[in-house]
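Notes follow the structure.
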Amino acid sequence: MVAGETSGDLLAGLLLDGLQVRWPALRGQGIGGPQMQRRGFEAWWPSEKLAVHGYSIEVLRRYREIVGIRRQLRDRLLADQPGIFIGVDAPDFNLDLEADLRAAGIKTVHFVCPSIWAWRAERVEKIRRSADHVLCIFPFEPALLASHGIDATYVGHPLASVVPMEPDRAAARRALGLDDADDVVALLPGSRRSEIEYLAATFFAAAALMLRARPRLRFVVPAIPSLRPRIEQLAAASGIAPHLQLLAGQSHAALAACDATLIASGTATLEAALFKRPMVIAYRMQAISWLLMRRKRLQPWVGLPNILCQDFVVPELLQDAATPAALARETLRWIDAKHEAPATIATVHTRFSALHQSLQRDTSRLAADAIEKVVAR
């Protein structure tokens with residue numbers, strides 16, 4: 001297995017739960033993170049090695065290292081062939097690897113369909129060459145892939161079965177030492193080092209503006225251990241460190257506890273939607289990366305909750321629009337709505353509850369069923 005970044009590690013860990021029930025003697029090896037390693041996965045490289053940000057410049061800076069890892073992994077798997085290879089997300093890394101392995105007779109499964117319905121539609125040809133089967137986390141994807149001759153199964157989104165339909169805000173607040181009456185904003189600037197560099201200072205500047213307008217606001221910031229020192233440094237430079245509660249990971253606790261979240265575009269936005277939380281989605285990156293990505297967009301939305309709802313349920317502020325003033329203004333609108341327009345918050349809750357229900361399946365079992373069929377071919 002190969003899982004890149006924090007989100008891929010989480011998905012792969014949940015997938016391993018189902019596979020280990022089906023095959024108790026299963027041995028997993030490759031590239032993974034702490035969630036996978038807790039299930040006994042042997043990580044030859046940590047998943048954070050694949051965490052890159054943007055579309056060109058950032059990737060090019062680390063191109064040699066990442067390609068070197070992929071070459072070493074490919075050679076190792078070709079020399080000692082596994083029963084099956086499962087690439088979890090990270091399509092830029094995994095699809096080329098899967099193509100080489102499949103050409104050598106190794107069966108391949110790709111977990112999480114690349115978002116060809118949102119951007120980079122040309123990837124469909126690479127998927128067809130690379131994957132014997134695709135496990136899809138969104139219900140409309142198998143039909144789309146079938147129209148291109150690619151076998152696929154809808155397995156639901158694993159997180160939809162992990163996050164309760166009605167998260168316990170009061171319990172989360174007690175666990176974090178927050179009062180029920182507090183107005184709480186969760187700041188989630190990303191899980192990649194480069195995202196922290198591009199977004200954290202802007203998020204903290206927005207938080208400073210919010211504090212001026214609402215001095216009693218409380219902020220919680222989940223931070224993975226490797227990024228905590230840099231986040232602490234940026235928070236201190238912004239002058240709002242005393243007003244932040246920095247958490248050791250615990251993104252789900254932060255989302256359960258908050259009234260609204262200012263959040264980087266990515267998988268975390270779907271997690272926020274599963275927690276039924278109003279959000280402001282933001283993203284910034286190196287300018288040339290932004291230009292290249294924008295040209296390949298196929299839909300007007302970037303955030304997963306809006307894409308899946310086919311509507312701007314929550315605001316998106318991207319690149320030059322993601323200024324501290326704009327982020328503060330839009331986030332405070334959700335806080336004000338909590339007190340002055342509860343029907344607005346209720347509408348978001350209703351939309352995200354319907355989304356949650358559409359994604360809730362027995363993912364581990366359905367994925368194991370599909371993988372078993374591939375193995376048996």
Selection over segment 213-231 where residues are part of a loop (DSSP other than H, G, I, E, B) and modelled with pLDDT of 90 or more yields a count of 4
I263 vs. criteria at pLDDT 95 or above, hydrophobic (A, V, I, L, M, F, W, C) and farther than 30 Å from F204 by Cβ = no
Helices (runs of 4 or more DSSP H) wholly in segment 1-109 with at least 1 residues that are of a type in the set (S, T, N, Q) and within 25 Å of L188 (Cα to Cα) - which ones?
-> 5-22, 34-38
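Residue-wise test of (1) aromatic (F, W, Y); (2) surrounded by fewer than 23 Cβ atoms within 10 Å (Cβ to Cβ); (3) farther than 23 Å from E5 by Cα.
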| position | (1), (2), (3) |
| --- | --- |
| N94 | no, no, no |
| D100 | no, yes, no |
| A103 | no, yes, yes |
| I116 | no, yes, no |
| R129 | no, yes, yes |
Taking A175, is it open to solvent by 10 Å² or more (accessible area, probe 1.4 Å), modelled with pLDDT of 95 or more, under 26 Å from T261 (Cβ atoms) and outside any strand (DSSP E or B)?
-> yes
When D89 is run through (1) at pLDDT 95 or above; (2) touching a Phe, Trp or Tyr at 6+ places or on another chain (Cβ under 8 Å), the failure sits at (1)
Answer yes or no as to whether V184 is surrounded by 17 or more Cβ atoms within 10 Å (Cβ to Cβ) and on the phi > 0 side of the Ramachandran plot.
-> no
Segment 311-328 - residue that is out of contact with any Leu (no Cβ under 7 Å at 6 or more places or on another chain) and touching a residue at least 60 places away in the same chain (Cβ under 8 Å) and, of those, farthest from L211 (Cα to Cα) = A322
Could you check F138 against (1) at pLDDT below 95; (2) of a type in the set (F, W, Y); (3) open to solvent by 30 Å² or more (accessible area, probe 1.4 Å) and say which number it fails?
-> (3)
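The values are calculated or read from the model by the stated rules, or taken from the named source; none is laboratory data. Because the structure is a prediction, the values reported are computed rather than measured. Glycine also receives a Cβ, built like all others from the backbone with ideal geometry; neighbour counts cover every protein chain displayed. The protein model used for the area step is the full one, side chains on, heavy atoms only, and it has no ligands, DNA or RNA in it. Shrake-Rupley method; radii C 1.70, N 1.55, O 1.52, S 1.80 Å.
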